[in-house]
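Reviewing the structure listed below.
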Amino acid sequence: MLAIAAAAMAPAGEEEDLSLPGTESQRAFDLLDERFPQSNSQGAEARLVFRAPDGQRVTARENKAAVEDALGSLDWGGQVASTTDPYETGAVSEDGTIAYSTITYAADAVDLTEATKSALEDAARHARDAGLTVEIGGSALDSEEEPGGTTEIIGVVVAAVVLVLTLGSLAAAGLSLLTAFLGVAIAFGLVTALAVPLGLTSTVAILALMLGLAVGIDYALFITSRYRDERAQGSEPEEAAGRAVGTAGSAVVFAGATVFIALAGLGVVGIPELTKMGMGGAGAVALAVLVALTLVPALFGFFGRPILSRAVRKAPADRRPVSERPGRERPGRERQGSEHPGSERPGSARPRPVPAAAARPGLGTRWARFVLRRPAAVLLIAGLGLGAVAVPALSLELGLPGDESKPVETTQRRAYDLLSEGFGPGFNGPLTVVVDMPGVADTRGATDLVARTVRGVDGVASVGDPVLSRTKDTAVLTAVPRTAPNSGETKDLVHAIRGAVAGVEADTGADILVTGTTALNIDISEAVSDALIPYLTVVIGLAVLLLTVVFRSLLVPVKAALGFLLSVGAAFGVLVAVFQWGWAADLVGIEQTGPVMSLMPILIIGIVFGLAMDYEVFLLSRMREAYVHGASPGEAIVGGFRHSGRVVAAAAIIMISVFAGFIGMNSPTIRTMGVGLASAVAFDAFVVRMAIAPAVLALLGHRAWWLPRILNRVLPNVDIEGEALSGHVPAPAAESDAVRLPAGRHRH
């Protein structure tokens with residue numbers, strides 16, 4: 001309640017432009033803000049694009065009058081910094097059919113008032129009434145993405161249905177959803193409350209919502225499932241809750257820790273927005289873990305018997321004290337009845353143990369036995385299949401989404417198309433060349449030399465006249481490429497211009513910087529590429545160390561990390577096929593293909609790695625538990641799938657549904673993230689963890705759980721399998737055939 005109240009009272013946060021401190025493009029932006037204080041280099045901008053009726057020109061008297069009247073209505077001050085006249089600046093196409101005016105604002109897009117935006121739309125409407133086609137481009141009409149759309153609701157509904165089908169209880173399903181929603185509400189409230197002091201954007205809030213909802217449901221489901229298993233074996237409610245938190249809860253802690261490490265590690269890239277997204281998501285995951293460990297077991301007592309499965313609820317009740325049942329003696333303790341405080345609601349009865357062996361083997365058990373019979377074939381088919389899906393990733397191209405990625409029904413997209421038609425494809429991605437000349441005597445000569453040099457670079461369509469600062473020590477030139485903003489040729493052009501002006505810097509002593517959206521995209525892409533190896537080294541290294549502590553094995557963590565690389569590679573293949581090649585683009589609402597957003601690779605790697613380790617911990621913790629209690633490696637695999645296979649499958653479907661629910665949002669960043677995360681979770685959960693992992697474990701046998709003696713002595717024993725609980729909590733009366741101690745085996 002405190003977090004929600006703080007969010008309600010907090011001022012609205014501002015959407016910040018993507019920046020990368022220390023790069024050439026960012027230094028140029030900072031220099032422009034310093035030398036041209038009257039303008040905001042990264043402030044809001046709009047372009048009114050006018051097209052004359054068929055057979056006419058925008059230079060005709062009546063059309064020119066309509067354009068000037070529309071622009072004149074904007075010169076009322078307020079947030080408008082400047083307005084250009086297309087007839088004075090030459091912003092008219094060669095055939096005279098299209099013209100544009102650039103309107104700059106003194107504030108960012110999110111700070112523009114409704115009156116300012118309405119004035120812009122009214123100006124366009126006046127020109128349309130005069131017979132012109134008018135569209136509005138730029139960032140002035142950009143709006144903050146709000147969560148809560150139809151697709152997200154569908155994702156939650158699918159998650160609810162999966163919970164009911166998996167648990168067979170509305171109460172159990174409702175408990176998982178309730179606790180997940182509570183954790184998400186707290187996380188979303190904290191992000192909103194801290195938006196202004198920490199500069200958090202709406203993307204951070206949506207990512208926190210996406211991750212908090214997905215892992216919150218999964219963590220509650222995992223602990224609830226273990227509690228129901230313990231109750232089905234005849235444990236008292238308090239004992240079952242304690243054992244569930246001690247085993248499944250421990251797995252949740254370590255699973256959440258891997259997600260937290262992966263997300264917090266995004267800060268090594270050095271991109272402020274990416275760091276904020278990582279910390280926002282990590283905070284949401286940490287809250288989900290805390291809620292799962294505290295509120296979930298507390299609600300077990302509140303819900304009572306309705307949380308149990310239908311088979312357990314219908315089983316005959318056994319009201320005898322636990323100590324009087326066969327195999328339930330607890331040395332050193334007095335006999336207790338079932339009516340001790342807090343054990344059950346008044347009038348409730350304890351269910352008889354439901355023998356696991358009596359039940360028909362489930363799908364998870366049958367699948368595990370199938371993999372054990374053909375481990376090499378399963379490993380080969382699954383590995384080759386993921387490899388084939390990952391092949392398109394070799395053609396991955398990175399970029400920053402612009403107006404070209406918006407739906408064709410939006411005015412921004414139509415303005416983009418009109419400008420491309422009238423002035424060439426490169427007009428929508430101009431490059432800004434900043435000439436810093438504080439110690440240069442002949443500033444005019446230096447500026448002219450820079451202009452001639454840039455014009456001589458192959459691929460430059462035009463270079464505008466230089467604009468000088470008030471102190472005459474800084475000049476700005478605009479270079480228009482011949483190719484589209486996100487094309488490979490334009491990116492090569494940026495490098496060519498930077499190489500060409502390097503000689504001018506040596507001759508004149510000026511500092512020449514190239515910036516703009518395309519230049520910023522190149523700098524960000526290079527920064528992400530340079531940081532990828534250190535990031536993977538730090539994150540995977542810490543996670544492997546953590547998993548080594550959890551499973552007390554060397555090969556299991558290495559297998560987990562290698563399997564993750566397969567799943568994330570396949571996810572990148574899907575992104576390329578959908579967003580670059582256009583496969584199934586209509587299904588996700590993509591009307592224009594193009595490069596994948598620059599931040600997506602490392603962001604998806606961070607999130608997916610953490611989630612992949614979730615399923616690794618959930619599934620293998622039961623296998624480890626069976627193994628240390630005496631089961632053979634094969635029996636441990638079967639036991640792990642018997643107890644956790646269905647839960648992990650349900651958790652994966654829930655997470656896929658939640659992520660897929662964000663595909664329908666208008667933000668290209670969120671849409672790409674939804675597709676990438678949904679596909680990555682599907683590959684990792686159902687192919688890597690449920691096919692490749694058991695196949696590798698079957699081939700390794702006892703070697704899978706091997707740990708050198710020195711590490712065995714040094715590493716702490718976290719007891720995720722609940723061995724320590726065996727001496728304090730009575731063992732179930734019905735023993736599973738997967739964990740029965742074979743002759744000659746000893747616990748270790």
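In table form, for the structure just shown:
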{"quantity": "Residue check for V215: under 21 Å from V544 (Cα atoms) and surrounded by fewer than 24 Cβ atoms within 10 Å (Cβ to Cβ)", "calculated": "no"}
{"quantity": "Any hit, the range 259-281, residues being over 30 Å from L532 (Cβ atoms), modelled with pLDDT under 90 and acidic (D, E)", "calculated": "no"}
{"quantity": "Tally of residues being part of a helix (DSSP H, G or I), at pLDDT 80 or above and either surrounded by 18 or more Cβ atoms within 10 Å (Cβ to Cβ) or of a type in the set (S, T, Y) (or both) across the range 504-517", "calculated": "2"}
{"quantity": "Check on A527, within 30 Å of A446 (Cβ to Cβ), in contact with a helix residue (DSSP H, G or I) (Cβ under 9 Å, 6 or more places away or on another chain) and either buried (at least 18 other Cβ atoms within 10 Å of the Cβ) or in contact (Cβ under 8 Å) with a residue 24 or more places away in the chain (or both)", "calculated": "yes"}
{"quantity": "Members of the range 539-584 found to be closer than 25 Å to F260 by Cβ and β-branched (V, I, T), listed by number", "calculated": "V539, I540, V544, T548, V549, V550, V556, V558, V568"}
{"quantity": "Entirely in the range 628-722, the helices (runs of 4 or more DSSP H) that have 3 or more residues that are among the hydroxyl-bearing types (S, T, Y)", "calculated": "668-683"}
{"quantity": "When residues of the range 258-272 are limited to those that are more than 8 Å from G610 (Cα to Cα) and among the hydrophobic types (A, V, I, L, M, F, W, C), the one surrounded by the fewest Cβ atoms within 10 Å (Cβ to Cβ)", "calculated": "V268"}
{"quantity": "Residue pairs meeting the criteria (Cβ under 6 Å; at least 6 apart or on separate chains; first aromatic (F, W, Y), in the range 243-265; second buried (at least 24 other Cβ atoms within 10 Å of the Cβ) and assigned to a helix (DSSP H, G or I))", "calculated": "F254/V550; F254/V617; F260/A282; F260/V285"}
{"quantity": "Where a residue in the range 609-631 is basic (K, R) and its partner, wherever it lies, is outside any helix (DSSP H, G or I), with Cβ under 6 Å and at least six apart", "calculated": "R624/E721"}
{"quantity": "Test: residue in the range 538-561 that is within 24 Å of G383 (Cα to Cα) and outside any helix (DSSP H, G or I)", "calculated": "yes"}
{"quantity": "Hits in the range 571-599 (condition: assigned to a loop (DSSP other than H, G, I, E, B) and under 17 Å from the mean Cα position of the chain (by Cα))", "calculated": "S598, L599"}
{"quantity": "Condition check for V501: aliphatic (A, V, I, L, M) and in a loop (DSSP other than H, G, I, E, B)", "calculated": "no"}
{"quantity": "Which numbered condition D511 fails, given (1) closer than 15 Å to L400 by Cα; (2) in contact with a Leu (Cβ under 9 Å, 6 or more places away or on another chain); (3) charged (D, E, K, R)", "calculated": "(1)"}
{"quantity": "Selection from the range 66-92 of residues that are over 44 Å from the mean Cα position of the chain (by Cα), surrounded by fewer than 18 Cβ atoms within 10 Å (Cβ to Cβ) and in contact (Cβ under 8 Å) with a residue 24 or more places away in the chain", "calculated": "D69, Y87"}
{"quantity": "Hits in the range 134-155 - residues which are exposed (fewer than 14 other Cβ atoms within 10 Å of the Cβ) and at pLDDT below 60", "calculated": "E146, G148"}
{"quantity": "Residue that is surrounded by the most Cβ atoms within 10 Å (Cβ to Cβ) [pool: residues in the range 239-249 that are over 25 Å from the mean Cα position of the chain (by Cα) and of a type in the set (G, A, S)]", "calculated": "A248"}
{"quantity": "Single condition A660 does not satisfy, out of (1) aliphatic (A, V, I, L, M); (2) over 18 Å from A262 (Cβ atoms); (3) touching a Ser or Thr at 6+ places or on another chain (Cβ under 6 Å)", "calculated": "(3)"}
{"quantity": "Filter result for V514 (of a type in the set (A, V, I, L, M, F, W, C) and closer than 30 Å to N712 by Cβ)", "calculated": "no"}
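The values are calculated or read from the model by the stated rules, or taken from the named source; none is laboratory data. Being a predicted model, the structure only gives us computed values, none of them experimental. Quick reminder, even Gly has a Cβ in these numbers, built from the backbone with ideal geometry, and neighbours come from all protein chains shown.
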